[in-house]
Amino acid sequence: MGGSQPFMYNAEWRNDTRFPTTKFDPKAVTRASWEQKPRKPLQICPLISFDRHPDAHMVLSHQSNLYLPLGHRTKIWIKALRKVQLLIRILQINGAIGSLVLLILITNVEEVAGWIMRISPAVAAAHCLYAVYHLSRKASGRTPGSSAAYHVFASISDSVVISLYAFGAYATHKNAQTWATRLKNQRIMEYFVPAVYHDQANATGYEPPRGSSDRKAIP
């Protein structure tokens, strides 16, 4: 027992009819994949596929392959204009955030005018933030219809923001004498008021009427 391992049994041979032998062929699946697949029989009827959407059977009155692609110069101009728009939006968002911070630090503003003047740069900053996200992507990242819809939305938003900025510039020009700041040093209002005024006036092109008696409101 010490010279040999215990429990060494020989496997029984099963070559009888009850256990027929099978030959192992590892390449049978590979050879089967090389065989030509049988063709599908032609469909006689019905000629309607019920697995497709009904709109897929609609006959189009035009062909999409007739549209001419954009020229090389046109693509270059589109990419260049997107970069210019991106630069302008970055400058605009910086001005909006700066105007919002200054208006938060300024007090003694009329309640309605103060809310309008503070909400305007906040809306402009949010709008410009999405514009930077949109313009920083590739021009082919969105469909032409989606890009056109965005620019329509951007033009409407800019029109609204410009009108609100014009109101803020007018209110600053009229009522800046009574304003104060939350900070201890009130002398910095000499810099805050012109900064707010020129920020909003330059964005809208607003110019106060000449010879007005309240011109001293803007240092």
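A compact table of results
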read-out: Test: Phe19 is at pLDDT below 65 and surrounded by 10 or more Cβ atoms within 10 Å (Cβ to Cβ); value: yes
read-out: The one condition in (1) buried (at least 17 other Cβ atoms within 10 Å of the Cβ); (2) modelled with pLDDT of 90 or more; (3) over 30 Å from Leu70 (Cα atoms); (4) of a type outside the set (Val, Ile, Thr) that Ala122 fails to fulfil; value: (1)
read-out: Tally of residues being of a type in the set (A, V, I, L, M) and surrounded by 18 or more Cβ atoms within 10 Å (Cβ to Cβ) across the stretch 176-203; value: 6
read-out: Every residue from the stretch 122-144 that is free of Cβ contacts under 8 Å to residues at least 24 places away in the same chain and not in a loop (DSSP other than H, G, I, E, B); value: Ala126, Tyr130, Tyr133, His134, Ser140, Gly141, Pro144
read-out: Val152, sole failed condition from (1) under 37 Å from the mean Cα position of the chain (by Cα); (2) β-branched (Val, Ile, Thr); (3) modelled with pLDDT under 90; value: (3)
read-out: Selection status of Gly98, under 27 Å from the mean Cα position of the chain (by Cα), farther than 14 Å from Thr204 by Cα and either of a type in the set (S, T, N, Q) or in a helix (DSSP H, G or I) (or both); value: yes
read-out: Search result, residues across the stretch 151-206 that are of a type in the set (D, E, K, R) and touching a strand residue (DSSP E or B) at 6+ places or on another chain (Cβ under 9 Å); value: Arg182
read-out: Residue check for Val109: at pLDDT 85 or above, surrounded by 12 or more Cβ atoms within 10 Å (Cβ to Cβ), on the phi < 0 side of the Ramachandran plot and outside any helix (DSSP H, G or I); value: yes
read-out: Filtered residue count, the stretch 168-206, keeping only those that are within 30 Å of the chain's Cα centre (by Cα), part of a helix (DSSP H, G or I) and of a type outside the set (Asp, Glu); value: 7
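The values are calculated or read from the model by the stated rules, or taken from the named source; none is laboratory data. For clarity, every value in this text was computed on a predicted model and none was experimentally measured. Reconstructed Cβ throughout: ideal geometry from the backbone, glycine too, with neighbour counts over all protein chains shown.
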